[in-house]
Amino acid sequence: GKKGIIFGVSNKRGIAYAIAQSLYDQGAEIGFTYAGEIMEPRVRPLAEEMNSKLIMSCDVTNESEIEAVFKEYKKVYGKIDFIVHAVAFANKEDLTGDFLNVSKEGWDLALNVSAYSLVAITRAAKPLLNENGSIVTVSYLGGEKFVPNYNIMAVAKAALECTTRYLASDLGPLGIRVNALSAGPVRTLSFKGISGADILYKINAARAPMKRNITLEEVGGAGLYLCSDLSSGVSGETHHVDCGMHSIGISKEDARIVGYDPDQDA
């Protein structure tokens, strides 16, 4: 019975789609946006499969387009129970090599698309948000700790997670929650855009306490939880779905590299 909108679905093998599918399976009505005409043929069929009544182009760096989306949303659905922000972008050359080589243009682009867009979307949506509404954005461990080649996107995700806390404070008195979902490595097109992604995928499985990587279905379930009333007391949180990887400082494998076996009796 809840109604909301998702920014960032691009294909069936992405986190945004996994969240959308979980929401739809539990009876939610969902509006979809796509990033320009080139993405429409990919997104429209996916949205139509979920009986969406709103499928619109939206450049999240253009506030007039964001406002147009919510103007149309109001006509179609009325009030908003949830928003999923799964939008991020950085130049390919800024996701490899030394971080100190990132350009000013690359910095501005990544932070504008990946972090400021959440502010712009929330501001435009505020008049339509129901009490007990939920806003969920998508992050990654690289925003908290060093991850090779994540580079400028790490800074963008750090800014994004901080943004959720400040928005949570602004909107909390209205009963609206704002949280980040920090997903572990999963074989999406976005993750494959990081140089050395396959190595990161293997390292996560080896070091995570659960000794495996996550599934898209697990991320979708976490998104469903954060959008639903099950998380009614949760706000300003970065919710990790990474098989425990975020909790590891020095792993057993790291210890063995220097000749110490932590499983062997002293």
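The values are calculated or read from the model by the stated rules, or taken from the named source; none is laboratory data. What you see is a predicted model; the values in this text were computed from it and never measured. Here the Cβ positions follow ideal geometry from the backbone for every residue, glycine too, while neighbour counts run over all protein chains shown. When the accessible area is computed, the model is the full protein with side chains, heavy atoms only, and any ligands, DNA or RNA have been set aside. Shrake-Rupley method; radii C 1.70, N 1.55, O 1.52, S 1.80 Å.
Structure notes:
- When restricted to residues that are charged (D, E, K, R), open to solvent by 20 Å² or more (accessible area, probe 1.4 Å) and part of a helix (DSSP H, G or I), the stretch 140-165 contains 1.
- Residues located in the stretch 88-98, provided they are more than 20 Å from V9 (Cβ to Cβ) and open to solvent by less than 90 Å² (accessible area, probe 1.4 Å): N91, D94, L95, T96, G97
- Residue list for the stretch 94-152, restricted to those being out of contact with any Asp or Glu (no Cβ under 9 Å at 6 or more places or on another chain) and among the acidic types (D, E): D94, D98, E105, D108, E131
- Whenever a residue of the stretch 106-121 is more than 23 Å from Y73 (Cβ to Cβ), its partners that are among the acidic types (D, E), lying with C-beta atoms within less than 9 angstrom and at least six residues away or across chains, give the pairs G106/E93; G106/D94; W107/D94; L109/D94; A110/D94.
- Summed over the stretch 166-178, residues that are part of a helix (DSSP H, G or I), within 12 Å of I135 (Cβ to Cβ) and either open to solvent by less than 40 Å² (accessible area, probe 1.4 Å) or touching a residue at least 24 places away in the same chain (Cβ under 8 Å) (or both) total 5.
- Those residues of the stretch 93-130 which are part of a helix (DSSP H, G or I) and more than 22 Å from N62 (Cα to Cα), in sequence order: E93, D94, L95, F99, L100, N101
- When restricted to residues that are in contact with a strand residue (DSSP E or B) (Cβ under 8 Å, 6 or more places away or on another chain) and open to solvent by 10 Å² or more (accessible area, probe 1.4 Å), the stretch 103-131 contains 3.
- Looking only at the stretch 229-266, and only at residues there that are aliphatic (A, V, I, L, M) and modelled with pLDDT of 70 or more, the one that is surrounded by the fewest Cβ atoms within 10 Å (Cβ to Cβ): L230
- One residue stands out in the stretch 192-228 among those that are crowded, with 19+ Cβ neighbours inside 10 Å, of a type in the set (V, I, T) and in a loop (DSSP other than H, G, I, E, B): the one that is modelled with the lowest pLDDT, namely I194.
- Pair list, Cβ under 6 Å, 6 or more apart: the stretch 51-80 residue of a type in the set (S, T, N, Q), other residue open to solvent by 70 Å² or more (accessible area, probe 1.4 Å) and assigned to a loop (DSSP other than H, G, I, E, B): none
- Inspection of the stretch 78-90 finds no residue satisfying the criterion of being in a helix (DSSP H, G or I), acidic (D, E) and touching a Ser or Thr at 6+ places or on another chain (Cβ under 8 Å).
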